[in-house]
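The values are calculated or read from the model by the stated rules, or taken from the named source; none is laboratory data. Given the structure is predicted, the values throughout are model-derived calculations rather than measurements. A quick note on method: Cβ atoms are made from the backbone with ideal geometry, for glycine too, and the neighbour counts reach across all protein chains shown.
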Amino acid sequence: MDSISALFSSPEEEQYVLDCMAYFMILMAACTFVCLLFVNAAYGRYSSSKYGFLINVKLAWFIQELPAFLVPVYLLVWTSSRKTSLLANQLLIAMFLCHYTQRTFIYPFLIREGKPTPFLSFFLAVIFCAYNGFMQIRYLSHYAEYPADWVTNPCFIAGSLLWLCGWLINLHSDHILRNLRGPGESGYKIPRGGMFEYVSAANYFGEITEWTGFALAGQSVHSAAFAIFTTVVLSSRAFAHHKWYLAKFEDYPKTRKALLPFVV
Ligand SMILES: NC(=O)c1ccc[n+]([C@@H]2O[C@H](COP(=O)([O-])OP(=O)(O)OC[C@H]3O[C@@H](n4cnc5c(N)ncnc54)[C@H](OP(=O)(O)O)[C@@H]3O)[C@@H](O)[C@H]2O)c1
């Protein structure tokens, strides 16, 4: 028994708590959906000191994403990880860690002249990353049980491929955005190339695809909750960005959609 299991009277009780955490995340996604009808998530181009003191953007991204890396590493290294010898569990954990290694240790330091992040947005991101990092990896390392041949199941294969395509689109699109700015420039330009030819929020399209694939491969309420939360937050921001581009640039490509190529 490890230090976390000791907090519960039985493994069933801990698994029940993890399930409740996932349902609570879905409830929070619904609340966030309603809030985002009235305000834009306050960071980046919508940053405002109304939401607390402003933090340097690189520092904010590094610290806020760090729990999504450190909590899983703690769970995998210092607690008894009963299910980590299973291939499906290993691959799903690898997807999560792969994303958050890049997001924590590489992405923040590549940002060019990003707007500072207000404390409230930073604080909510820290909480989300710690909560989600714990929920995903505790479930995958301790409780998730897949059939022995799950990695050859079409759902797992399709989900993993979606995850990979989504991740690559997200990385490529973030790369395009950051290269719109030369040294010392902090303004905005029309992004071109890659999935930006089809949508204004190509990086969000990639990220939503990524976690939808993860949910398809993982088939759990925990992975589904993460995909739902990501979709709610990023789709609202995608529509806000699209509207913002249309208002700012007269020559903005007319056929470009907001989030889903050819659809919306
Ligand atoms: N899983 C989740 O729930 C979740 C939530 C949020 C973000 N994310 C991910 O985190 C990453 C960053 O998200 P974000 O919301 O900060 O993305 P964003 O608003 O698209 O901004 C990304 C970076 O590019 C700059 N930028 C954006 N559009 C630009 C333009 N037209 N011209 C020049 N520079 C531009 C921004 O600068 P400014 O700061 O100056 O605007 C910022 O540094 C994305 O990959 C996203 O998918 C994930």
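Yes or no: L37 under 27 Å from S3 (Cβ atoms), at pLDDT 95 or above and more than 12 Å from the ligand (Cβ to nearest atom)? The answer is no for L37.
Of the residues making up segment 99-115, those that are within 11 Å of the ligand (Cβ to nearest atom) and not in a helix (DSSP H, G or I) number 5.
Only one of the numbered conditions (1) outside any helix (DSSP H, G or I); (2) surrounded by 13 or more Cβ atoms within 10 Å (Cβ to Cβ) is violated by I157, and that is (1). All of (1) within 12 Å of the ligand (Cβ to nearest atom); (2) touching a Gly at 6+ places or on another chain (Cβ under 6 Å); (3) in a helix (DSSP H, G or I) hold for C129 with one exception: (2).
Note on segment 81-98: among residues that are assigned to a helix (DSSP H, G or I) and either exposed (fewer than 15 other Cβ atoms within 10 Å of the Cβ) or free of Cβ contacts under 8 Å to residues at least 24 places away in the same chain (or both), the one that is nearest to the chain's Cα centre (by Cα) is C98. Are any residues in segment 199-218 part of a helix (DSSP H, G or I) and of a type in the set (A, V, I, L, M), and if so, which ones? Residues satisfying the conditions are A202, I208, A215, L216, A217.
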